[in-house]
Amino acid sequence: MPSPAIAATLIFAATYLVIAVGRLPPLRLDRTGAAIVGAILMIELGGLPLADAWSAIDYRTLVLLFGMMVVIAHLRLAQFFRTIGRALAVRLHHPLALLSAVVFASGLLSALFVNDTICLVFTPIVIDVARARGHAPLPYLLGLATASNIGSVATITGNPQNMLIASMSRIGYRDFSAALAPVAAIGLVIDVAVIWWMFRNDLRRTAMDDAPVRGPRPVHRALMAKALIVSGGVLVAFLAGYEPATVAAGAAAILLITRRVKPEKIYRQIDWDLLMLFVGLFVVVAGAERAGLDDWFFAQLSAIGIDRVWSLSVVSAILSNAISNVPAVMIFTKVVPQLADPHTAWLALAMSSTLAGNLTLLGSIANLIVLEGARRQGEAFSFVAYLKVGLPVTLLTIAVGIWWLAG
């Protein structure tokens with residue numbers, strides 16, 4: 001193996017090790033920093049020429065991510081998500097109805113928009129409503145976290161790894177949803193059933209269930225109308241088969257032309273860390289491919305029959321929990337095209353890498369967002385408390401996904 005290939009292999013291994021651990025002690029190097037440093041070293045040490053590094057970046061994925069972030073930022077500023085959450089809380093009183101509403105509302109909104117945003121906005125609302133009704137917030141918080149992951153399976157815009165898969169596979173919005181929306185729907189039903197069964201003694205009606213709950217806050221009607229019209233147009237364009245990245249970019253451009261909203265408010269809500277993580281990983285993985293690691297990885301997976309939906313899903317789920325789902329999917333982008341049925345393999349990868357996020361508290365950024373939001377209001381929950389729900393929900397939903405795609 002020539003020295004540039006050795007350097008590329010070491011850089012790839014070191015980058016993914018830091019990503020798996022989460023940071024590089026004693027330095028303040030996080031996952032995004034590791035990806036950026038790894039990409040720079042890959043170029044500087046000869047693992048990947050600069051021209052090839054630029055070519056390795058999939059700009060469709062970045063444009064789609066950025067465009068959807070701008071759309072979501074406007075909806076958040078218009079209080080759209082909070083309005084929906086409060087409106088449901090005011091109208092529903094039975095604990096099972098409220099739990100079902102939390103699960104299905106967060107699942108549906110996560111499918112249409114990025115799941116992390118839904119968790120960020122809904123967490124304080126869920127806690128306030130549960131306390132007002134005299135219930136422990138834990139089952140509702142677990143429902144929010146797990147349902148946001150499950151619901152995001154349904155569309156290419158549900159989470160970042162789905163956007164990456166859609167850009168790489170060129171699977172359209174309509175075909176993607178036709179294949180995986182049923183898995184998400186069944187998964188949400190399973191989620192409600194599991195949480196209700198485990199907390200059935202806690203989720204009983206109390207004298208406070210009929211107590212009034214604060215209604216929705218005042219909204220910016222003009223901004224709300226504009227954001228909803230643009231969002232509706234985006235969904236129609238996706239379903240019509242237009243290029244998702246182009247549609248998202250056009251929507252972002254329309255929303256940024258405004259007299260009411262300061263651009264700084266929008267830019268502050270863009271997840272720049274995630275965008276830079278993608279850029280760095282594109283270069284690091286391309287360097288690994290140049291060194292021949294993709295062929296080695298494919299050979300190892302072929303030995304266990306990775307062409308089968310169940311084996312690909314199991315490996316993807318394990319790897320997603322070991323190094324996080326976006327880095328895991330990034331590795332598979334070099335393997336899936338070599339499989340006998342890439343179309344089904346892409347769908348299985350999207351399904352398993354997303355649903356695997358429910359396995360542990362650390363399996364998904366959405367889970368951590370809910371935890372941090374709860375902690376700020378004195379409602380933190382433990383790793384074990386989450387695992388009691390996350391483990392059965394993950395196993396059951398992935399089993400449904402495998403059955404659906406394999407059938």
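A short reminder: the numbers here are calculations on the coordinates, not readings from a lab. Quick caveat, the model's predicted, so the values are computed rather than measured. Neighbour counts run over all protein chains shown; Cβ positions are idealised from the backbone, glycine included.
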> Could you give me the ³J(HN,Hα) list for region 349-357, computed from phi with Karplus coefficients 6.51, -1.76, 1.60 and θ = phi - 60°, whole Hz, x at Gly and Pro?
Replying inline: 5, 4, 4, 6, 5, 7, 5, 5, x
>> Given the options 167, 72, 187, identify the residue whose Cα lies farthest towards the positive end of the charge dipole of region 58-406 (+1 on Cβ of Lys, Arg; -1 on Cβ of Asp, Glu).
In response: 72
> If you count, for each residue, the other Cβ atoms within 10 Å and average over each peptide, how do 113-120, 170-177 line up from highest to lowest?
Replying inline: 113-120, 170-177
> Which shape class applies to region 1-60: rounded if a/c is under 1.5, otherwise prolate when a/b exceeds b/c and oblate if not, where a ≥ b ≥ c are the square roots of the Cα gyration tensor eigenvalues?
Replying inline: oblate
> Calculated from DSSP H runs of 4 or more alone, at -39500 (n - 2.57) each and per residue, what is the 222 nm mean residue ellipticity of the chain, nearest 500?
Replying inline: -24000 deg cm²/dmol
>> Test of understanding: ordering 295, 30, 191 by Cβ neighbours within 10 Å, fewest first, what list do you get?
In response: 295, 30, 191
> If the viscosity is 1.567 mPa s and the temperature 4 °C, what translational diffusion coefficient in µm²/s does Stokes-Einstein give for region 293-356 when Rh comes from Kirkwood over Cα pairs?
Replying inline: 115 µm²/s
> residue 260 to residue 131: FRET efficiency via 1/(1 + (r/R0)^6), r the Cβ-Cβ distance, R0 35 Å, to the nearest 0.05?
Replying inline: 0.55
> In straight Cα distance, which lysines are under 30 Å from residue 226, not counting same-chain residues fewer than 8 positions off?
Replying inline: 262, 265
> So for the pair residue 27, residue 307, with labels modelled 7 Å out along Cα→Cβ, what separation do we get in nm?
Replying inline: 4.3 nm
> Each residue of region 280-296 in turn: what ³J(HN,Hα) in whole Hz from Karplus with 6.51, -1.76, 1.60 and θ = phi - 60°, glycine and Pro shown as x?
Replying inline: x, 5, 4, 6, 4, 5, 5, x, 5, 5, 4, 7, x, 5, 5, 5, 5
> When you count, for each residue, the other Cβ atoms within 10 Å and take the mean per peptide, how do 396-405, 152-161 rank with the highest first?
Replying inline: 152-161, 396-405
>> Please rank 68, 224, fewest neighbouring Cβ atoms within 10 Å first, as an exposure proxy.
In response: 224, 68
> How big is the charge dipole of the chain about its Cα centre, in debye rounded to the nearest 20, if each Lys and Arg gets +1 on its Cβ and each Asp and Glu gets -1 on its Cβ?
Replying inline: 1660 debye
>> Quick check: net charge around residue 18, other residues with Cβ under 14 Å of its Cβ, Lys/Arg +1 and Asp/Glu -1?
In response: +2
> Using θ = phi - 60° and the Karplus curve 6.51 cos²θ - 1.76 cosθ + 1.60, what whole-Hz ³J(HN,Hα) does each residue of region 187-197 get, with Gly and Pro shown as x?
Replying inline: x, 5, 5, 4, 4, 4, 5, 5, 5, 4, 5
> If we count every other residue with Cβ under 14 angstrom of residue 234's Cβ, Lys/Arg +1 and Asp/Glu -1, where does the sum land?
Replying inline: +1
